[in-house]
Amino acid sequence: MTPTILDGVAVSTMDSAGTEHAFGHVVFEDGRITAVGPGQARKPTGPHTWVDGSGCLVTPGLVNTHHHLYQWATRGYAQDATLFEWLTTLYPVWRGLDAEITHAAASAGLAKLALTGCTTAADHHYVFPREGGDQFEALVTAGRRVGIRLHAIRGSMDRGQSHGGLPPDNLVEDTESALAATEKAIDDYHDPSPDALVKVAVGPCSPFSVSQGLMTGAAEIARRKGVRLHTHLAETLDEEDQCQAEFGCSPTEYAERVGWLGDDVWLAHTVHLSPDAVKKLGATGTGSAHCPTSNGRLGTGIAPVRDLLDAGAPVGLGVDGAASNESCGMVEELHQSVLQARQRGGPKALDVREALWLGTMGGAKCLGRADEIGSIEPGKLADLAVWRLDGLDHAGIDDPVAALVLGPLPRLKLLLVGGRVVVDDGELRTASESDLARDLRAASARLKVTR
């Protein structure tokens, strides 16, 4: 491939020094960044592609550390419910999922993520209806269709209502079947290479829908196979109460008991953490996927992001399931993370560059890919978001990072995944948006019929 030069652009690298260039350049070739610096780039004498970046900001592609893409087919349900009420409303609907519906929902969700600057998404799929076909393949093929990097998390539930769980009994798997299917998903789809488009992680759903045997067995498989671990934890006070009643400990203490703390683990939400729990996550290097919009939609509380960062825990951002975050975009989470942190800790609790770090390097650390993505540095993958900031929406905001994080959603000039164009001038280039919308409408309608 010939080199591509993105020239005359503001650059926020998100490297360890926080390097920025008000007027700079980025060069990439064969899917990797070869140069970044101030001023105009030297144009090669040989063939090359030159891109005028004037009026734009280039950042690393955003990293979404927690999602449930199948939920795109059930947006707008249980609008004023608590988490447990929301789940018990939606579980009967999700029994109607089949592979075609999941593929349509996941494709639409990944497209929306791409259009809002996301180049890597972690999707936690834990619903496997008995007549639902190959749900995991449907998710993986959606990732390939849209063309952004996918961390496909093979979730599971084995604790139905008859055993004190929330899901209906006919929506859960038995423990051994869930473990066997998890191992098969890793064998079939996980790509360990540094530039992988598809990686697989292991993700029993949550303490209130999973047995202790499934938690420990899944952790054993993940560590034997060398993949990462993910689950929900400490999202609500109801979960805290249930853990205390059943196990005599907090959710974080329970996670430690079953082997679910460590630098190969990242946890979704972590809203209700004691100071000791915050320290424990920091000391063990356990990551947190902060989902500010979803937490606000369900009224679950505000995660202690500042405390986690100060304790040394990796913290990334998550969009979360589309049924608890109907906007479904990634860049909005930068904005919401600032607002929620400041509601909790005042106006200095999180600044705009820290928010962008959460959405880039913080997410890369959670997913174990900090050497490959999350910053603009020579040798890293050319996963880049180029934002137009020269229009009415951002006029007069001199700081381009503040314009991105605090201002309206900018239009993408380019979204690149390994140097490949996924979004060009605000339009998805890897799939037809009209086809995706048509398929999603049909999928949503079919689910409504099965209720």
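The values are calculated or read from the model by the stated rules, or taken from the named source; none is laboratory data. It should be emphasised that the depicted structure is a prediction, and the values quoted were computed from it without experimental measurement. Using ideal geometry, Cβ is built from the backbone for each residue, glycine included, and neighbour counts are taken over all protein chains shown. To get the accessible areas, we keep the full protein, side chains included, count just its heavy atoms, and leave off ligands, DNA and RNA. Shrake-Rupley method; radii C 1.70, N 1.55, O 1.52, S 1.80 Å.
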(request) Under 21 Å Cα to Cα from K225, which lysines show up? Leave out anything in the same chain fewer than 8 places away. (result) K184, K199, K365
(request) Just the number, please: carbon plus sulfur as a percent of the accessible area of the stretch 238-372, 1.4 Å probe, no ligands or DNA/RNA counted. (result) 48
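Using the Cβ atoms and a cut-off under 11 Å, what net charge is assigned to the surroundings of T175, where Lys and Arg are +1 and Asp and Glu are -1?
Values: positive: R159; negative: D158, E173, D174, E176.
In short, -3.
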(request) Using a 1.4 Å probe and counting only protein heavy atoms, arrange D435, D15, D123 so the residue with the most accessible area comes first. (result) D435, D15, D123
(message) Sort 278-284, 350-356 by the packing proxy (mean of other Cβ within 10 Å over each peptide's residues), most packed first.
(response) 350-356, 278-284
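Sort 187-193, 114-120 for me by packing, meaning the mean count of neighbouring Cβ atoms within 10 Å per residue, highest on top. Intermediate results must be reported in sequence, preceding the final value.
Numbers: 187-193: 12.4, 114-120: 27.1.
Going from most to least packed, we get 114-120, 187-193.
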(request) Using only the alpha-carbon atoms of the stretch 295-387, report the extent along each of the three principal axes, biggest first, to the nearest angstrom. (result) 41, 31, 24
(message) Based on C-alpha coordinates, I'd like the Rg and Dmax of the stretch 36-194, in Å.
(response) 20.1, 71
(message) What value in Å³ per residue do you get for the convex hull of the alpha-carbon atoms in the stretch 235-334?
(response) 95
(request) Write down the percent of antiparallel bridges among all DSSP beta bridges whose residues are both part of the stretch 206-328, to the nearest 5. (result) 0
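Which value, in Å², gives the accessible area per residue of the chain when a 1.4 Å probe is used on the protein heavy atoms?
Details: 16290 Å² over 451 residues.
Counting only protein heavy atoms, the per-residue value for the chain is 36 Å².
So, counting K/R as plus one and D/E as minus one, what does the shell of residues with Cβ under 14 Å around C205 add up to?
Values: positive: R154, R159; negative: D123, D158, E173, E235, E239, D320.
Charge balance near C205 sits at -4.
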(message) Counting just the Cα atoms, what span does the stretch 246-401 cover along each of its three principal axes? Round to the nearest Å and put the largest first.
(response) 56, 38, 31
(message) Percent of Cα-Cα pairs more than 42 Å apart in the chain, please.
(response) 11
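Express the carbon and sulfur contribution to the solvent-accessible surface of the stretch 107-223 as a percent, rounded to the nearest whole number, probe 1.4 angstrom.
Numbers: 1750 of 3570 Å².
C and S atoms contribute 49 percent here.
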(message) If I fit a long axis through the Cα atoms of helix 99-115 and take the longest principal axis of the Cα atoms of the chain, what angle between them do I get, 0 to 90°, rounded to 10?
(response) 40
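Over the stretch 21-62, what percent of the accessible surface lies on carbon and sulfur atoms, probe 1.4 Å?
Working: 1120 of 2080 Å².
Carbon with sulfur: 54 percent of the solvent-accessible area.
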(request) Using only C-alpha atoms and all pairs of different ones, pull out the Kirkwood radius for the stretch 363-449 in Å with one decimal. (result) 15.7
